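Chemist: Please read through the structure below; I'll follow up with questions.
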Amino acid sequence: MADAIVLPQARPAQPALQFLRVIPGVLLLAAVGYAGKLLERNVGTYAKAHHWTFPNIEYVLWAILIGLAISNTVGVPQIFRSGVATYEFWLKAGIVLLGSRFLLGDVLKLGGVSLALVAMEIAVAIAFMTLLGRAFGLRPKLTSLLAVGSAVCGVSAIIATQGAIEADDEDSSFAIAAILALGALSLFTFPLIGHALHLSDHAYGLWAGLAVDNTAEATAAGALYSDAAGKLAVLAKTTRNAMIGFVVLAYAIYWASRGEAKTVGNKAAFLWQKFPKFVLGFLLISILATYHFFTKEQTTALANLSRWAFLLTFAGVGLRTNFREMRKQGLRPFAVGAIGEVVIAVFTLALVAGAGKLFGF
Amino acid sequence: MSINKVSLSSRKSWNLSLDSWAVVAALLAALLIRAGVFTRVPW
């Protein structure tokens with residue numbers, strides 16, 4: 001007789017309780033973001049009134065800096081943590097709403113250019129990171145996670161790949177820490193390099209979207225340069241995100257062929273499961289805006305709502321970045337990530353320069 | 001010989017991913033603005 005063992009199911013938390021649990025953290029995101037907005041307005045005015053030479057620092061950087069200061073000094077208390085983690089939700093909602101600022105023709109044209117550049121970036125990034133991981137003697141699955149993280153879209157891609165290739169939690173946290181630390185560095189280095197090279201908004205936005213790994217950091221790196229660059233960075237990054245399913249599927253098939261991961265059954269279902277749904281939301285809003293579903297005032301309202309969502313995201317980027325925690329993860333994955341990122345950044349800059357000459361931006 | 005079988009409840013989960021919730025929230029906000037519930041969003 002077969003003995004059936006019924007495993008106890010974890011009782012899901014009540015939706016109302018879950019909702020209440022995120023409120024303190026969301027309020028903290030809003031407070032940090034709004035403080036950044038106030039500082040942008042008031043510091044500039046104060047410096048001008050006192051005849052000081054002070055660079056105009058955007059709310060994006062203020063929000064990130066305040067978040068970093070809290071996270072790396074007093075830390076984020078437990079009560080705020082679930083709410084702070086919602087920054088990904090605000091990021092994705094913000095990207096969907098940003099679709100209202102793109103006409104479908106622009107999306108297809110710029111998305112087409114981005115897609116060609118993204119394909120080249122992914123191929124080079126995966127090949128280079130794999131070689132680098134081997135040269136540094138990293139575990140093969142950690143190398144795969146770092147390659148996916150730097151080629152496609154940072155943390156989401158690493159988490160999606162971890163499940164598909166059955167990598168250890170330890171490998172996954174090494175790769176996530178390296179990608180997050182490098183993302184934080186890119187917030188400060190990319191705008192400086194962009195200004196030093198006198199890149200146009202268009203070229204810089206494409207570059208940030210292609211080279212910065214995590215979607216939140218790519219959006220922030222773009223917005224730190226200019227509003228127009230921020231828009232382009234989001235478009236290029238969204239195109240990159242759309243490739244996540246294909247890359248994770250390729251890795252899953254590779255590790256399954258070596259007998260170290262489960263075989264993928266229904267490939268179409270696998271692709272749909274991994275496909276970032278906010279890309280579809282972004283396209284839908286863009287189509288609606290193109291066919292005048294919204295009036296001019298409504299489009300402005302949608303764009304402003306998207307800015308508020310991004311404001312919470314930028315606060316979250318600072319609040320979840322803890323350098324002490326990242327340092328604990330070890331130097332080798334970080335070194336591989338850093339060398340790889342520099343090479344990918346130089347390569348994508350050359351790609352963007354080439355595309356700029358070809359398409360005149 | 002007895003065979004131990006692990007049977008899990010195969011109840012379909014209708015929980016949406018965070019990604020999908022973000023899309024739903026953004027589309028709902030867009031519809032509310034389109035319907036004139038919110039006429040302007042200041043920045």
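The values are calculated or read from the model by the stated rules, or taken from the named source; none is laboratory data. Source: prediction; values computed, not measured. Virtual Cβ from ideal backbone geometry, glycine too; neighbours counted across all protein chains shown.
Chemist: Mind listing just one residue for me: the one in region B:18-33 that is at the interface with another protein chain (Cβ under 7 Å from one of its Cβ atoms) and under 11 Å from the mean Cα position of the chain (by Cα) and, of those, surrounded by the most Cβ atoms within 10 Å (Cβ to Cβ)? Reasoning before the result, please.
Modeler: Residues of region B:18-33 at the interface with another protein chain (Cβ under 7 Å from one of its Cβ atoms): B:18-23, B:25-27, B:29-30, B:33.
Narrowing the set further to residues that are under 11 Å from the mean Cα position of the chain (by Cα) leaves B:18-23, B:25.
Values: B:Leu18: 15, B:Asp19: 19, B:Ser20: 16, B:Trp21: 16, B:Ala22: 27, B:Val23: 25, B:Ala25: 18.
My answer is B:Ala22.
Residues checked against (1) surrounded by fewer than 16 Cβ atoms within 10 Å (Cβ to Cβ); (2) touching a Phe, Trp or Tyr at 6+ places or on another chain (Cβ under 7 Å); (3) of a type in the set (S, T, N, Q):
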{"residue": "A:Ser100", "(1), (2), (3)": "no, yes, yes"}
{"residue": "A:Val107", "(1), (2), (3)": "no, no, no"}
{"residue": "A:Ala123", "(1), (2), (3)": "yes, no, no"}
{"residue": "A:Val148", "(1), (2), (3)": "no, yes, no"}
{"residue": "A:Ala151", "(1), (2), (3)": "no, no, no"}
{"residue": "A:Gly154", "(1), (2), (3)": "no, no, no"}
{"residue": "A:Asp171", "(1), (2), (3)": "no, no, no"}
{"residue": "A:Ala181", "(1), (2), (3)": "no, yes, no"}
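Chemist: If you check A:Phe347 against the conditions, is it surrounded by 15 or more Cβ atoms within 10 Å (Cβ to Cβ), away from chain B (no Cβ under 14 Å) and outside any loop (DSSP other than H, G, I, E, B)?
Modeler: Criteria met by A:Phe347.
Chemist: In addition: Please verify whether region A:313-327 includes one or more residues that are over 27 Å from A:Ala164 (Cα atoms), assigned to a helix (DSSP H, G or I) and within 14 Å of chain B (Cβ to nearest Cβ).
Modeler: yes
Chemist: Taking A:Glu341 as the residue in question, decide whether it is out of contact with any Phe, Trp or Tyr (no Cβ under 9 Å at 6 or more places or on another chain) and within 30 Å of A:Ala119 (Cα to Cα). So that I can check it myself, show each step before the final result.
Modeler: Working: out of contact with any Phe, Trp or Tyr (no Cβ under 9 Å at 6 or more places or on another chain): yes; within 30 Å of A:Ala119 (Cα to Cα): yes.
Yes: the conditions hold for A:Glu341.
Chemist: Give the residues of region A:314-352 that are at pLDDT 90 or above and of a type in the set (Val, Ile, Thr), sorted by residue number.
Modeler: Across region A:314-352, the qualifying residues are A:Ile339, A:Val342, A:Val343, A:Ile344, A:Val346, A:Thr348, A:Val352.
Chemist: Restricting to region A:65-101, what's the tally of residues that are in contact with a helix residue (DSSP H, G or I) (Cβ under 6 Å, 6 or more places away or on another chain), away from every other protein chain (no Cβ under 13 Å) and either modelled with pLDDT under 90 or outside any helix (DSSP H, G or I) (or both)?
Modeler: 1
Chemist: For residues that are in a loop (DSSP other than H, G, I, E, B) and on the phi < 0 side of the Ramachandran plot, scanning just region A:49-64, find the one that is surrounded by the fewest Cβ atoms within 10 Å (Cβ to Cβ).
Modeler: At the first step, the residues of region A:49-64 found to be in a loop (DSSP other than H, G, I, E, B) are A:50-58.
Within this subset, residues satisfying the condition of being on the phi < 0 side of the Ramachandran plot are A:50, A:52-58.
Working: A:His50: 8, A:Trp52: 9, A:Thr53: 6, A:Phe54: 11, A:Pro55: 9, A:Asn56: 9, A:Ile57: 15, A:Glu58: 22.
Result: A:Thr53.
Chemist: Can you name every residue in region A:76-114 that is more than 20 Å from the chain's Cα centre (by Cα) and aromatic (Phe, Trp, Tyr)?
Modeler: Of everything in region A:76-114, just one residue is more than 20 Å from the chain's Cα centre (by Cα) and aromatic (Phe, Trp, Tyr), namely A:Phe80.
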